[in-house]
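A short write-up of the structure that comes next.
Nothing in this text is a laboratory measurement; each read-out follows from the coordinates by a stated rule. None of these values were measured; they are calculated from a predicted model. Cβ placement follows ideal geometry from the backbone for every residue including glycine, while neighbour counts extend to all protein chains displayed.
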Amino acid sequence: MPAAILLVLGLGASATACGGNPESLTVYSGRSEKLISPILEAFTADTGIALDVRYGSSNDLALLLAEEGDKSPADVFLSRSPGPTGFLDDLGMLAGIDDDVLDRVADGDHSPDGTWVGFAGRGRVLVYNIDEVDAADLPDSVFDLTGPEYQSRVAVPGSNSSFQDWFTLFRLRNGDAVAIAWLDDMVANGSRFYPKNGAIVEAVGRNEIQFGLVNHYYNFQKVAANGGDQRSANHGFAPGDDGGLVIIATAAVIDSSGEKDAANQLLAHLLSDEQQIYLTNKVYEYPLALGVEPADALPPAPTYRVGAVDIDDIAAEFKRTMEIIEASGVLDQ
């Protein structure tokens, strides 16, 4: 495993942040508006601090922050995936987070120097049709999916940003040669392209295809909506397998911000019991704040997960990911 990747373990403890309140904060959010806006609206209701939120992909927003430098209006950066936060950390653009915020999570769920903190976990899983697949026959590794028993039976969301986040980590952990060989073998084995995780879970549920690579919470959302009519379930790969990585969403305060106290208040709000319970009970993500248990529907939180990643050139790395995905032909399947 490359030393550039910081693996983080465990969950984590208590607190709130500080200081006088400005009229507003600017947030660059790589988390979708549908998911995060109820949490941000609750912050404004609780504090009176208005939030000017710019939504976009985590990668694009990180590149924008790097371009803006000290002139950026951003106070807080929320990232869906690890690479963008590590990229900004390497550039020295992140401020130290208050100890009482960092203490809300386990030591492994924030950076060693306290410049980012995790606030939710998303696991990669294999969703499968429960009527067509015997649970005893499910694979231990994502590498098993290239075998003949999975021919033309696995859905891959090749154009989906979460899959691209995962595939970038997969490349960094295994090297391009292994990553390219795996994806080419998946294509040769008849894997089918679907654009979104939700579409895969729906297709698996109606037995249009038997397996799919998705984030864990999509199936829980479908089951919550459809009950027993949803004929799909999640399978977690063996502990430590690359197919089952849990990737944490991270929050950071921008070093050039003139409102660091209020920015820390927002991070504390993300890690408050109330908002962590919302994230796990409504979105079905894994909470990271100490003392907050995952929703009853979720299995125990995996202990093996990936936090911020040291990426020297995020634009180059994600461009390379897209080149490999496009060259594989998976988008044409």
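With 0.36 nm allotted per residue and the present C-alpha distance subtracted, the Asp184-Ala225 stretch has 11.2 nm of extension available.
Return, ordered by residue number, the residues of the stretch 88-123 whose backbone nitrogen is under 16 Å from a label point located 7 Å along Cα→Cβ of Leu64. Within reach of a label on Leu64: 88. If you run the Gaussian network model on the chain, springs between alpha carbon atoms under 10 Å, then out of Ala295, Ala251, Ala62 the most flexible one is Ala295.
Helical runs assigned H by DSSP (4 residues or longer) give the chain a calculated mean residue ellipticity at 222 nm of -10500 deg cm²/dmol, each run adding -39500 (n - 2.57) before division by the residue total. Net length available on complete extension from Asp273 to Lys71 is 69.3 nm, with 0.36 nm assigned per residue and the Cα-Cα distance removed.
Most tightly packed first, judged by the mean number of other beta-carbon atoms within 10 Å of their residues, the peptides 254-262, 42-50 read 254-262, 42-50. For the chain, averaging the sequence separation of C-alpha pairs within contact (under 8 Å, six or more residues apart) and dividing by the residue count gives a relative contact order of 32 percent.
For the chain, the convex hull drawn through the C-alpha positions has a volume of 117 cubic angstrom per residue.
The order of the peptides 219-230, 238-249 by mean Cβ neighbours within 10 Å, most packed first, is 238-249, 219-230. Each Lys or Arg adds one and each Asp or Glu takes one away; over the other residues whose Cβ falls under 10 Å from the Cβ of Thr26, this sums to -2.
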